[in-house]
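The values are calculated or read from the model by the stated rules, or taken from the named source; none is laboratory data. As the structure is a prediction and not an experimental result, all values here were calculated from the model. Here the Cβ positions follow ideal geometry from the backbone for every residue, glycine too, while neighbour counts run over all protein chains shown. The accessibility values were calculated without ligands, DNA or RNA, using every heavy atom of the protein model including side chains. Shrake-Rupley method; radii C 1.70, N 1.55, O 1.52, S 1.80 Å.
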Amino acid sequence: MTALDQVEVKEGVDQETVDAVAQLSGAYKYGWNDDDIEMDYAPKGVNPDIVALISSKNEEPQWMLDWRQAAFTRWEGMSVPNWAMLKVADIDFQDLYYYARPKSMEVKPKSLDEVDPKLLETYKKLGIPLKEQAILAGVEGAENDLPERKVAVDAVFDSVSVGTTFQAELKKAGVIFCSISEAIREYPELVKKYLGTVVPPSDNFYATLNSAVFSDGSFVYVPPGVRCPMELSTYFRINAENTGQFERTLIIADKGSYVSYLEGCTAPKRDVAQLHAAVVEIIIEEDAEVKYSTVQNWYPGDEEGKGGIYNFVTKRADCRGARSKVMWTQVETGSAVTWKYPSCILRGDDSQGEFYSIAIANNYQQADTGTKMVHLGKRTKSRIVSKGISAGHAQNTYRGLVSMHPKAKESRNYTQCDSLLIGSQCGAHTVPYIEVKNNSSRVEHEATTSKVDDDQLFYCRSRGMDEEEAVALVVNGFCKEVLQALPMEFAMEAQALVAISLEGSVG
Amino acid sequence: MLEIKGLKVDLEEEEKSILKGVDLTVGAGEVHAIMGPNGSGKSTLSYVLSGKDGYEVTEGSATLDGADLLDMEPEERAAAGLFLAFQYPVEIPGVGNMTFLRTAVNAQRKARGQDELSAGDFLKEVRARAKDLKIDAEMLKRPVNVGFSGGEKKRNEILQMAMLEPKMCILDETDSGLDVDAMKLVSEGVNALRSEGRSFLVITHYQRLLDHIKPDVVHIMSNGRIIKTGGPDLALEVENNGYADLLAEAE
């Protein structure tokens, strides 16, 4: 990540943003494809054999295979959901690869020399610092001379996790951070206890498919009372062509613990749309707190809307214990299609859920995103701040549910939904669903729609900023509340991304 | 410094001529005032010089130190040393005043091939300038012009001017909406910036601003033309007699 060694961001856009944008000027930065990395594919299509193959590649126990097969059987009877405000061409689910991994990863490398240099090259291009690359490749001693602010990284390349950094140091604190395939092998009791308890295998079409074919992802367990000593981060990259990426993330914050988790995504430019259907489950016990931040920068397709990632993701946090807290922050700038509703089940009394979102859709991108706040416990609180930005021919929908159950006495929700339009061909939609089933709860909803104003741009330009700087400044101002909710490293990257993804949208 | 010759300008949207041949020369270090009745084209002149969209120059030229202003983008004019203090400064929600200033200062420095001001130097500079204009730290943190009073907005314009150090400053009715104290504060801010190398074009309806910012030359504008040019006394004449006599004289 380029922003690792950056200094703190103060307010709104900063000079650094402008510089970053200038550096990155031009189109999608992560659009190269590493076609010459030798890949190991399972045959196209999905069926019980493929499910079994994925399971055996990951050396899974029987119970895991059974779980997958049950999900697959259920999936066969399900149909694609079509309630979202999205126009998506039919996906031929039998024409995709469900498993692809770099050949060099068949046996985990013991030293840097054993890692395919092309794979390392990919990390380098992604901006993951060189030393972390060494750690990712498992080189001993590499952990000792890193900068003070540490971020542990798990990198997932197509179907497999290629390495996790700082595992030893995290272990000292009792934190488990590894790939989910490793967790299934090493910590089966934990996985068994929690997997599928927040997003059950029957949840929805994409989540069920994911349950059957997920190939890898990240696993985090923070034991009681432990404050995770560093940020945890996962990088997902889809590289192989015609490949679906189905990663599964499971985060458990035990009583009184705290963890901040970052997720970043990129993909190469391809003419053909690629499918990404991930599931993230978070379990938060009594007095624990989890922050989950995403900067989603999947390839959005070209200016004519060709190619790009179809992003169908199910993310849900279960605030099981009393006074537990979860905060989702997402910056969605990529994907041709985004279908994503990170949700909070506020089960524990006095638990809190927050959702901060920036969704940017330019050219022919479509985004249907929002959240669900399900208030079950007493005095639960939720807050939603959604900033949707549409430019070009894009359509951007906020869809959110706030539900106050009969027992959720004296609960509160505050929702703020702002939409910003750039140009006259795009659309912004707000679809709030509100259910209140008790008489002591309070729900507030505010929504605004505005356009980037020519007068604002002229004002900025008359002070010496060029048009792109001016747009970046105005838009970052619009997004400020959400950018402030991001961890520092991500805030920098997010600001730059906001500017880049809107390039060419004015003038 | 600023040289305008035979400038004719139409509105882009409709066939309407606003400026009908303006000639104006402002020398280095001079302060010129433009007065005139509503609709005479004063604000249009300031917008055309700073490069706002919506106007079409049909004839004439405008140069700053010999460089063709009309050929430049608004940001290039700014980097060349032109500054417009807006009559109605624009609000930019969510963008801190300090961030805005720093982005602007560094954008101009970059355009001129200078190094960016470090965060420390910038802070020192902005605090000193803000203090002179009685702009407190709180106001520097607030989003640009959002929730500012009329007086605060105008003081903020002068702060921007002080930070950007332009050669040619245009003040478009900077006195409108100001009470006596605020006008004094703003005028002091402007006067502090007067120097040999810096010129001002002060657009105003009222003589009272010119009591504080003493002009070298006063122009009267009417119906898209400058109809009379004189010394500071000309402003007093307008104050006492109105524009009627001057307009009649011009016809």
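Computed quantities for the displayed model
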read-out	value
Conditions (1) open to solvent by 60 Å² or more (accessible area, probe 1.4 Å); (2) free of Cβ contacts under 8 Å to residues at least 24 places away in the same chain; (3) more than 8 Å from every other protein chain (Cβ to nearest Cβ): number failed by B:Glu73	(3)
Looking only at the stretch A:388-407, and only at residues there that are touching a Cys at 6+ places or on another chain (Cβ under 9 Å) and assigned to a loop (DSSP other than H, G, I, E, B), the one that is least open to solvent (accessible area, probe 1.4 Å)	A:Ala394
Considering residues of the stretch B:50-70 that are closer than 16 Å to A:Glu467 by Cα and surrounded by 20 or more Cβ atoms within 10 Å (Cβ to Cβ) only, the residue farthest from the other protein chains (Cβ to nearest Cβ)	B:Gly51
Residue check, B:Lys153 modelled with pLDDT under 90 and among the basic types (Lys, Arg)	no
Flag for B:Pro143 being at pLDDT 90 or above, open to solvent by 20 Å² or more (accessible area, probe 1.4 Å) and in contact with a strand residue (DSSP E or B) (Cβ under 6 Å, 6 or more places away or on another chain)	yes
Residues (open to solvent by 50 Å² or more (accessible area, probe 1.4 Å) and at positive phi) located in the stretch B:196-242	B:Asn223
Scope the stretch A:64-82; condition open to solvent by less than 60 Å² (accessible area, probe 1.4 Å) and within 16 Å of A:Ile184 (Cβ to Cβ); matching residues	A:Met64, A:Leu65, A:Trp67, A:Arg68, A:Gln69, A:Ala71
Failed condition for A:Ile360, given (1) at pLDDT 85 or above; (2) surrounded by fewer than 24 Cβ atoms within 10 Å (Cβ to Cβ); (3) touching a helix residue (DSSP H, G or I) at 6+ places or on another chain (Cβ under 9 Å); (4) not hydroxyl-bearing (Ser, Thr, Tyr)	(2)
Yes/no for B:Leu45 being assigned to a helix (DSSP H, G or I), within 12 Å of chain A (Cβ to nearest Cβ) and open to solvent by less than 50 Å² (accessible area, probe 1.4 Å)	no
Per-region count, the stretch A:43-84, residues touching a Lys or Arg at 6+ places or on another chain (Cβ under 8 Å), among the small types (Gly, Ala, Ser) and closer than 22 Å to A:Thr197 by Cα	1
Qualifying residue in the stretch B:85-92 (condition: assigned to a strand (DSSP E or B), modelled with pLDDT of 95 or more and within 11 Å of chain A (Cβ to nearest Cβ))	yes
Odd one out for B:Val22, checked against (1) crowded, with 22+ Cβ neighbours inside 10 Å; (2) within 14 Å of chain A (Cβ to nearest Cβ); (3) among the β-branched types (Val, Ile, Thr); (4) not in a helix (DSSP H, G or I)	(2)
Residues of the stretch B:128-147 satisfying the condition of being free of Cβ contacts under 8 Å to residues at least 12 places away in the same chain, among the hydrophobic types (A, V, I, L, M, F, W, C) and within 14 Å of chain A (Cβ to nearest Cβ)	B:Ala137
Residue match in the stretch A:494-507 (condition: assigned to a loop (DSSP other than H, G, I, E, B), within 14 Å of chain B (Cβ to nearest Cβ) and in contact with an Asp or Glu (Cβ under 9 Å, 6 or more places away or on another chain))	yes
Hits in the stretch A:375-400 - residues which are within 13 Å of A:Gly353 (Cα to Cα) and hydrophobic (A, V, I, L, M, F, W, C)	A:Leu376, A:Ile384, A:Val385
Residue that is farthest from the other protein chains (Cβ to nearest Cβ), among those in the stretch A:455-487 that are buried (at least 24 other Cβ atoms within 10 Å of the Cβ), over 30 Å from the mean Cα position of the chain (by Cα) and part of a helix (DSSP H, G or I)	A:Cys460
Members of the stretch A:370-387 that are over 27 Å from A:Ser424 (Cα atoms), in a strand (DSSP E or B) and of a type outside the set (Val, Ile, Thr)	A:Lys372, A:Met373, A:His375, A:Lys381, A:Ser382, A:Arg383
Residue, surrounded by the fewest Cβ atoms within 10 Å (Cβ to Cβ), within the stretch B:106-127, restricted to residues that are within 24 Å of B:Gly66 (Cα to Cα) and more than 8 Å from every other protein chain (Cβ to nearest Cβ)	B:Gly113
In the stretch B:93-111, residue nearest to B:Glu157 (Cα to Cα) [restricted to those that are in contact (Cβ under 8 Å) with a residue 40 or more places away in the chain and among the β-branched types (Val, Ile, Thr)]	B:Val105
Looking only at the stretch A:291-309, and only at residues there that are closer than 29 Å to A:Asp254 by Cα and crowded, with 24+ Cβ neighbours inside 10 Å, the one that is modelled with the highest pLDDT	A:Ser293
Test: residue in the stretch B:174-195 that is assigned to a loop (DSSP other than H, G, I, E, B), more than 14 Å from chain A (Cβ to nearest Cβ), farther than 28 Å from B:Leu64 by Cα and open to solvent by 60 Å² or more (accessible area, probe 1.4 Å)	yes
Lone qualifier among A:Ser335, A:Ser357, A:Ser343 - being within 18 Å of A:Tyr433 (Cβ to Cβ) and touching a Pro at 6+ places or on another chain (Cβ under 9 Å)	A:Ser357
Meets criteria (away from chain B (no Cβ under 14 Å), surrounded by 15 or more Cβ atoms within 10 Å (Cβ to Cβ), part of a helix (DSSP H, G or I) and of a type in the set (Phe, Trp, Tyr)) for A:Phe490	yes
Complete set of residues in the stretch B:93-105 that are buried (at least 21 other Cβ atoms within 10 Å of the Cβ) and either more than 7 Å from chain A (Cβ to nearest Cβ) or on the phi < 0 side of the Ramachandran plot (or both)	B:Val95, B:Gly96, B:Asn97, B:Met98, B:Thr99, B:Phe100, B:Leu101, B:Arg102, B:Thr103, B:Ala104, B:Val105
